[in-house]
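The values are calculated or read from the model by the stated rules, or taken from the named source; none is laboratory data. Note that this is a predicted model, so its numbers are computed, not measured. Cβ placement follows ideal geometry from the backbone for every residue including glycine, while neighbour counts extend to all protein chains displayed. For accessibility, only protein heavy atoms count, side chains too; no ligands or nucleic acids. Shrake-Rupley method; radii C 1.70, N 1.55, O 1.52, S 1.80 Å.
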Amino acid sequence: MMRRPMAPPPKSGPRYNEFITVPKVRVIDDEGENLGVMFTQEAMERAYELGLDLVEVSPTADPPVCKFLDIGKYKYEAQKKANIARKTQKTQELKEIKMRPNIDDHDYDTKMKKVHDFIGDGDKVKITLRFRGRELSHQQLGMQLLQRVAENVGEIAKVEAYPRMEGRQMLMVLAPK
């Protein structure tokens, strides 16, 4: 079996073959049997006889644990695992619901349905109350509305950022429990 030409040292991933710098390593063969502690050079020669590479799987152990593997196949499988983990990962988004302080009951119920949907999907929800004109002098109405929202979603969400004013807007952030 032909060996591949000398490659540059690995930037990421495990060290293998001549890039293993420690003098002695604990070796596990391709069937998973422990061959014991041996010199790195001897272990590399044994791996070469089998047509495999000596790959450092646990560099922090004393002595480091190495295994007889095909480094190309090992890197490919590790990359596949990482891609699958990345695909199944759920990112939490921040959804925004905009209201006015004098919102009608039906409109409020519709907005609350959307808030329940977003929190049910695992997303955070930012409630924005926009004040216009003279509404700004009645900020207590906005505070009461946001407290009502917090009470309605109390079982499924927690208030992450309590109501605060930012210019002409009052903001509150809800997160799933």
Neighbours by Cβ (under 8 Å, 6+ apart or cross-chain): first from segment 53-78, touching a residue at least 40 places away in the same chain (Cβ under 8 Å); second of a type in the set (A, V, I, L, M) and part of a helix (DSSP H, G or I): Val55/Ile71; Cys66/Ala43; Phe68/Ala47; Phe68/Leu50
Selection count, segment 100-123, where residues are assigned to a loop (DSSP other than H, G, I, E, B), open to solvent by 90 Å² or more (accessible area, probe 1.4 Å) and within 19 Å of His138 (Cβ to Cβ): 2
Lone unmet requirement of (1) assigned by the TED database to the domain that holds Gly122; (2) outside any loop (DSSP other than H, G, I, E, B) for Leu54: (1)
Checking Leu129 against (1) open to solvent by less than 40 Å² (accessible area, probe 1.4 Å); (2) under 30 Å from Leu171 (Cβ atoms); (3) out of contact with any helix residue (DSSP H, G or I) (no Cβ under 6 Å at 6 or more places or on another chain), the condition it does not meet: (3)
Every residue from segment 132-158 that is under 27 Å from Thr91 (Cβ atoms), open to solvent by 50 Å² or more (accessible area, probe 1.4 Å) and not charged (D, E, K, R): Asn152, Ile156
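Taking segment 159-177 as the region of interest, how many residues are surrounded by fewer than 13 Cβ atoms within 10 Å (Cβ to Cβ) and within 14 Å of His116 (Cα to Cα)?
Looking only at segment 159-177, we keep the residues that are surrounded by fewer than 13 Cβ atoms within 10 Å (Cβ to Cβ), and these are 162, 164, 166-168, 177.
Among the residues that remain, those that are also within 14 Å of His116 (Cα to Cα) are: 177.
Total satisfying the criteria: 1.
Residues of segment 39-55 being within 16 Å of Thr21 (Cβ to Cβ) and either surrounded by fewer than 16 Cβ atoms within 10 Å (Cβ to Cβ) or out of contact with any strand residue (DSSP E or B) (no Cβ under 7 Å at 6 or more places or on another chain) (or both), which ones?
Phe39, Gln41, Glu42
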Selected residue (criterion: most open to solvent (accessible area, probe 1.4 Å)) from residues of segment 56-95 that are of a type in the set (Val, Ile, Thr) and under 27 Å from the mean Cα position of the chain (by Cα): Thr60
Those residues of segment 124-159 which are part of a loop (DSSP other than H, G, I, E, B) and not aliphatic (A, V, I, L, M), in sequence order: Phe131, Arg132, His138, Gly154, Glu155
